[in-house]
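Undergrad: Got a structure for you, written out below as C-alpha cells; questions coming shortly.
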Amino acid sequence: MFKYILIFFLLIIFVPVFRNFLFNLLVGKQIAKEQKRYNDIMEKKRGKEGDVKVKQTPPSGKKGGYEGGQYVDFEEVK
C-alpha cells in the first residue's frame with residue numbers, strides 16, 4: 001500500500017501533465033463557477049448591451065463661488 005501512495009505522490013510531483021489534469025479535475029469546475037458568477041454580476045451592473053443610461057448632472061446655479069479675478073497690467077521688470 002505504501003508503495004502505491006509513494007508512486008502516486010511521485011507522479012504528482014514530477015509529471016506536470018498529470019498534475020495539471022488532477023488540478024483541472026479537482027478545481028476546474030469551481031473556477032468556472034466563480035467566473036460565471038462574476039460575469040453575471042458584472043452583466044447586471046452594466047445592463048443589457050445597447051442600453052443607454054443618463055445620470056443626472058448637478059444644477060449649474062452658481063452660489064457665491066469663485067467667478068474670476070481682477071485684471072492686472074503686466075509690467076516688465078529689468
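The values are calculated or read from the model by the stated rules, or taken from the named source; none is laboratory data. The model shown is predicted, which means the values in this text are computed figures rather than measured ones. Please note: Cβ atoms are built from the backbone with ideal geometry, for glycine as well, and neighbour counts cover all protein chains shown.
Undergrad: I'd like the full set of residues that are among the small types (Gly, Ala, Ser) and not in a helix (DSSP H, G or I), limited to region 3-58.
TA: Pass one, region 3-58, residues among the small types (Gly, Ala, Ser): 28, 32, 47, 50.
The answer is 47, 50.
Undergrad: Follow-up. Residue under question is residue 70, and the condition is that it be at pLDDT 75 or above, assigned to a loop (DSSP other than H, G, I, E, B), under 34 Å from the mean Cα position of the chain (by Cα) and of a type outside the set (Ser, Thr, Tyr); does it hold?
TA: Values: at pLDDT 75 or above: yes; assigned to a loop (DSSP other than H, G, I, E, B): yes; under 34 Å from the mean Cα position of the chain (by Cα): no; of a type outside the set (Ser, Thr, Tyr): yes.
Against the criterion (at pLDDT 75 or above, assigned to a loop (DSSP other than H, G, I, E, B), under 34 Å from the mean Cα position of the chain (by Cα) and of a type outside the set (Ser, Thr, Tyr)), residue 70 does not qualify.
Undergrad: Check region 17-38 and report whether any residue there is surrounded by fewer than 10 Cβ atoms within 10 Å (Cβ to Cβ), on the phi < 0 side of the Ramachandran plot and modelled with pLDDT under 80.
TA: For region 17-38, residues surrounded by fewer than 10 Cβ atoms within 10 Å (Cβ to Cβ), on the phi < 0 side of the Ramachandran plot and modelled with pLDDT under 80: present.
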